[in-house]
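Enquirer: Sharing a structure below in structure tokens format, with a few things to ask.
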Amino acid sequence: LKDQFDNLDKHTQWGIDFLEKYAKFVKERIEIEQNYAKQLRNLVKKYCPKRSPKDEEPRFTSCIAFFNILNELNDYAGQREVVAEEMGHRVYGELMRYSHDLKTERKMHLQEGRKAQQYLDMCWKQMDNSKKKFERECREAEKAQQSYERLDNDTNATKADVEKAKQQLNLRTHMADENKNEYAAQLQNFNGEQHKHYYIVIPQIYKQLQEMDERRTIKLSECYKGFADSERKVIPIISKCLEGMILAAKSVDEHRDSQLVIDCFKSGFEPPGDFPFEDYSQNIYRTISDGTISTPKQEGMRIDTKTTVGKAKGKLWLFGKKPKPQSPPLTPPSLYTSSTPNGSQYPIFSIEPVHYCMSDIKTGKPRIPSFRSLKRGLVSWYSCLQGPALEDFSHLPPEQRRKKLQQRIDELNRELQKETDQKDALIKMKDVYEKNPQMGDPSSLQPKLTETMSNMDRLRMEIHKNEAWLSEVEGKVAARSDRRHSSDINHLVTQGRESPEGSYTDDANQEVRGPPQQHAHPNEFDDEFEDDDPLPAIGHCKAIYPFDGHNEGTLAMKEGEILYIIEEDKGDGWTRARRHNGEEGYVPTSYIDVTLEKNSKGA
């Protein structure tokens, strides 16, 4: 950086600009917090109750809870103002003061650097002038020497002319020697100043600029922390405000509110009784016996009941008179058993029907999200009871377990790849040592190579074990999804395989990606396909890794062994293969290198 003064000038200016940019960001955040707090206070003020002591409302628990929530929200707005104030004092104000000091310090360091550069330029100019003067005097001395030699060799030249030319030569030579000494002194001075400039003055200035820039970075880090601390300090109070809102929500009592409504609107009057029948035809039919006119009058009364009662009702209520009750009041069961009262009956309202309705609401069917929440809570509680984490992550839910196992398999594969690369490098190094013994002893690499091979075997076993667990998890997930389909679709899927060793079975708990299992009724299956010809080979494969094949339906193989492919991987991670002796089974697809024949693929 000894010749990068201008670049450091730009970098320090960029640092100050970035500091001011962050200060502007903090200022805008403060304005946002202030506006947010102001809007929250206006919102609380808008919805706060405005009533005098004479105008009292029924104190419903829902209204009281809402007023408490408004109070907590007002306190929350106050905490937002505290955040804005803390940011303005601790972050923004500190940034502005430090930015001013930083500009002053940077200006001073840059001026020192420019002065040092100007002094070096002045020394260079002095050296250059002395150099040019020395060069000019040397040329004049050469001309004087040439003139003297010409006159000295000229026979026609007088002795005075030769003597004059000799004196001129001596003068020019003397001046050239003086300029030479001056040029040498100036050059030595310039070289010393230049060395001092690039190795003492400028490094010191650059070190001061570096310390200034590092202090700027530290200040930014402190401001970042202060920015977060301003928010973190009010989190406990904000949490209390939110807890107050939750307590206000829990304080709502629907039964108390209903009782308040009942107490507020209960009149105390008795329900109206039955209207009496007013017979206006007695004066007309007095001579007729009661037995003769009783039936038609009753029929007519039944036809004109509504009209008669309406008239009587209007007449009675118009003058403020109430009919006397002629029948006992109805009981609450009659209110619900009779959908439409008759012409002379009216429903009776009391507290018991309201209580009956509230009981009916409470005993209604709960909503489904409640059961989901309960299920999630039970799952979390069950997970907590499982204790510490297990190697196969069986304490986790299926999806979380699948992700963890997949991550572990990926990590093991990366480690295996590293060990494989290391083994290849050791083998190549061993070959080089064998060809050139003077470079090293090949036997010295054997312990490391053996250790690498052991690590590779261990990693392969770990990968195989985790893949088995992953197959178990994915099998359960797939089985759970299969149970969502209809039985007809499941039947078609399970019957679509050619062999009982396929990955899809009727058992919902069987693994999908694991080693394929035999059918539940092998004898029936063998009887059905006993006379079928063996499947044709569609390709061949080479075993990359050894496989023990302990599970039923799998085929053991050695590293480098050649097998025939008779069925491709269906997406479950297993390929069906056959040996030369006719033995068949499933092998892991990741353990083999498959080569399919083009004319036989898909047969």
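The values are calculated or read from the model by the stated rules, or taken from the named source; none is laboratory data. Model, not experiment: these values are computed from the prediction. Cβ atoms come from the backbone with ideal geometry, glycine included; neighbour counts cover every protein chain shown. With ligands, DNA and RNA removed, areas are computed over all heavy atoms of the protein, side chains included. Shrake-Rupley method; radii C 1.70, N 1.55, O 1.52, S 1.80 Å.
Enquirer: At 7 Å along the Cα-to-beta-carbon direction for both Gln145 and Gln118, put a label point, then send me their distance in nm to one decimal.
Expert: Distance between label points: 4.3 nm.
Enquirer: Given the convex hull over the Cα atoms of the range 539-596, what projected area results after averaging over all orientations, in nm²?
Expert: Working: hull surface 13.9 nm².
Its average projected convex-hull area is 3.5 nm².
Enquirer: Probe 1.4 Å, all protein chains in place: accessible area of Ile200 in Å², nearest 10?
Expert: About 90 Å², rounded to the nearest 10.
Enquirer: In a Debye calculation with equal point scatterers on the alpha-carbon sites of the range 4-260 and no solvent, what is log10 I(q)/I(0) at q = 0.09, 0.10, 0.17 Å⁻¹?
Expert: For the range 4-260, the Cα-only Debye profile gives -0.72, -0.78, -1.19.
Enquirer: Moving to a separate point now. Just the ratio, please: alpha-carbon radius of gyration of the range 110-250 over 2.2 N^0.38 Å, N its number of residues.
Expert: So the Cα radius of gyration is 2.61 times the expected 2.2 N^0.38 Å.
Enquirer: Given 0.36 nm per residue, what is the gain on full extension from Asn283 to Gln446 after removing their alpha carbon distance, in nm? Intermediate results must be reported in sequence, preceding the final value.
Expert: Values: separation 163, 0.36 × 163 = 58.68 nm, distance 13.65 nm.
My answer for the length gained is 45.0 nm.
Enquirer: Grab the beta carbon distance between Glu583 and Met461, set R0 = 30 Å, and tell me the FRET efficiency rounded to 0.05.
Expert: On the way: r = 24 Å, r/R0 = 0.80.
It comes to 0.80.
Enquirer: Then there is this: Assuming R0 = 35 Å, what is the FRET efficiency of Phe67 and Leu220, from their Cβ-Cβ distance, to the nearest 0.05?
Expert: 0.20
Enquirer: Compute the distance in nm between two label points, each set 7 Å from the Cα along the Cα-to-Cβ direction, one at Ile246 and one at Lys558.
Expert: Output for this residue pair reads 6.6 nm.
Enquirer: Say each of Gln417 and Leu43 gets a label point 7 Å from the Cα, pointing the same way as Cα to Cβ; how far apart are those two points in nm?
Expert: With each label placed 7 Å out from Cα toward Cβ, I get 5.0 nm.
Enquirer: Here's a follow-up. Rounded to the nearest whole Å², what accessible area per residue is found for the range 539-596 with the 1.4 Å probe?
Expert: Numbers: 2780 Å² over 58 residues.
Per residue, the range 539-596 has an accessible area of 48 Å².
Enquirer: Taking the Cα centre of the range 539-596 as origin, sum charge times position over the Cβ atoms of Lys and Arg (+1) and Asp and Glu (-1), and report the length of that vector in debye to the nearest 20. Please report the intermediate quantities before stating the final value.
Expert: Values: 6 positive and 11 negative charges, 30 e Å.
For this selection, approximately 140 debye.
Enquirer: Just the Cα atoms of the range 391-479, one point each, no solvent: what log10 I(q)/I(0) does Debye give at q = 0.11, 0.12, 0.23, 0.24 Å⁻¹?
Expert: Listed by q, the Debye log ratios stand at -0.46, -0.51, -1.02, -1.06.
Enquirer: May I pose another question? Could you give the spread of the C-alpha atoms of the range 402-453 along their three principal axes, from largest to smallest, in whole angstroms?
Expert: Projected onto its principal axes, the Cα set of the range 402-453 covers 52, 15, 10 Å.
Enquirer: For the range 391-479, what relative contact order do you get, as a whole percent, if you take Cα pairs closer than 8 Å and at least 6 residues apart? Don't skip to the end; give the middle numbers.
Expert: Values: 54 pairs, mean separation 38.0, N = 89.
Over the range 391-479, the number comes to 43 percent.
Enquirer: Please get the size of the charge dipole for the range 4-260, origin at its Cα centre, with Cβ charges of +1 on Lys and Arg and -1 on Asp and Glu, quoted in debye to the nearest 20. Working shown, then result.
Expert: Details: 45 positive and 44 negative charges, 103 e Å.
Dipole about the Cα centre, nearest 20: 500 debye.
Enquirer: What percentage of the solvent-accessible surface of the range 1-146, computed with a 1.4 Å probe over protein heavy atoms, is contributed by carbon and sulfur atoms?
Expert: 52 percent
Enquirer: Using a 1.4 angstrom probe on the protein heavy atoms only, could you order Tyr545, Tyr36 from most to least accessible area? Intermediate values should be presented prior to the final figure.
Expert: Working: Tyr545 50, Tyr36 95 Å².
My answer, sorted largest first, is Tyr36, Tyr545.
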